[in-house]
Amino acid sequence: MISHFEQFLYVISKIHRQIQKIERAEMVKQGYKGAFAQYLATLRRYEEGLTSSELCEICDKDKAAVSRIIAEMEEKGLIEREKKIVRTYRSKITLTEKGKELAKYVSETSRLAVAAVSGGIFDNVDQEVVYNTLDALFESLQKIAEEGICQE
């Protein structure tokens, strides 16, 4: 029999994979990589721009992954970086007009996906409770990851 912990891990992993599939499918329709979705959504929230280091932290990605995606997004004309003599992880990254349009598409499709899921599952459940519970789970897991598991 599967333990509650294993079941928890499997479900979280499966949810994450399905989100990635949805991102990939929606971005491919627009001619882009699924990996762009999270960065577009994040940069849309920060109109003043973010540094690569800030993107790493907010998106919970390593520097190499962020660097690769940012370079591709810049090549496609979706983002621009501050013009400095030497680009660093402190250079601000902002969306271009083309990037803003694609980020708007990501936002709208995300809203539709959440509405479809919420309408089918959360009809009789307070959505705030569900999201607050997920936030609390994340914070607890983050604390354990940082401090270790307290075994008495």
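The values are calculated or read from the model by the stated rules, or taken from the named source; none is laboratory data. In this text the structure is predicted, and so the values were computed from the model without any measurement. Quick reminder, even Gly has a Cβ in these numbers, built from the backbone with ideal geometry, and neighbours come from all protein chains shown. In case anyone asks, the SASA skips ligands and DNA or RNA and just uses the protein heavy atoms, side chains included. Shrake-Rupley method; radii C 1.70, N 1.55, O 1.52, S 1.80 Å.
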Item to check | Percent carbon-and-sulfur accessible area, the chain, ignoring ligands, DNA and RNA, probe 1.4 Å | outcome: 55
Next on the checklist: Would you report the distance distribution of C-alpha pairs in the chain as whole percents per 10 angstrom bin, up to the bin with the largest distance?
Outcome noted: 9, 31, 32, 21, 6, 1
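Between residue 117 and residue 1, take the C-beta separation as r, use R0 = 25 Å, and let me know the FRET efficiency to the nearest 0.05. Walk me through the numbers before you get to the answer.
Numbers: r = 28 Å, r/R0 = 1.14.
So the FRET efficiency works out to roughly 0.30.
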Item to check | Rounded to whole Hz, the Karplus (6.51, -1.76, 1.60) HN-Hα couplings of region 51-56, x for glycine and proline | outcome: 7, 4, 4, 5, 4, 4
Item to check | residue 58-residue 15 pseudo-label distance in nm [points 7 Å out on the Cα-to-Cβ vector] | outcome: 2.2
Checklist entry - Across region 35-44, in residue order, what do the Karplus-derived ³J(HN,Hα) couplings come to in whole Hz, using 6.51 cos²θ - 1.76 cosθ + 1.60 with θ = phi - 60° and x for Gly and Pro? => result 4, 5, 4, 5, 5, 4, 4, 5, 5, 5
Item to check | Sequence-distant aspartates and glutamates (8 or more away, or on other chains) whose Cα lies within less than 17 Å of residue 14 | outcome: 6, 23
Checklist entry - Where a Cα-Cα gap under 19 Å defines reach, which lysines qualify for residue 92, not counting those fewer than 8 residues away within the same chain? => result 61, 63, 76, 83, 84, 100
Checklist outcome for this item: Taking a probe of 1.4 Å and leaving out DNA, RNA and ligands, the chain shows per residue an accessible area in Å² of 73
Next on the checklist: Given Cβ point charges of +1 (Lys, Arg) and -1 (Asp, Glu) and nothing else, what value in debye, to the nearest 20, does the dipole of region 43-113 about its Cα centre take?
Outcome noted: 120
Next on the checklist: Given a 10 angstrom Cα cut-off, can you work out which residue in 113, 37, 64 is the most mobile in a GNM of the chain?
Outcome noted: 64
Next on the checklist: Using each residue's phi in region 11-21, evaluate 6.51 cos²θ - 1.76 cosθ + 1.60 at θ = phi - 60° and report the 3J(HN,Hα) Karplus result to the nearest Hz, with x for Gly and Pro.
Outcome noted: 5, 4, 4, 5, 4, 4, 4, 5, 4, 4, 5
Checklist entry - With the chain treated as a Gaussian network of Cα nodes joined by springs under 10 Å, which of 94, 133, 109 yields the largest mean-square fluctuation? => result 133
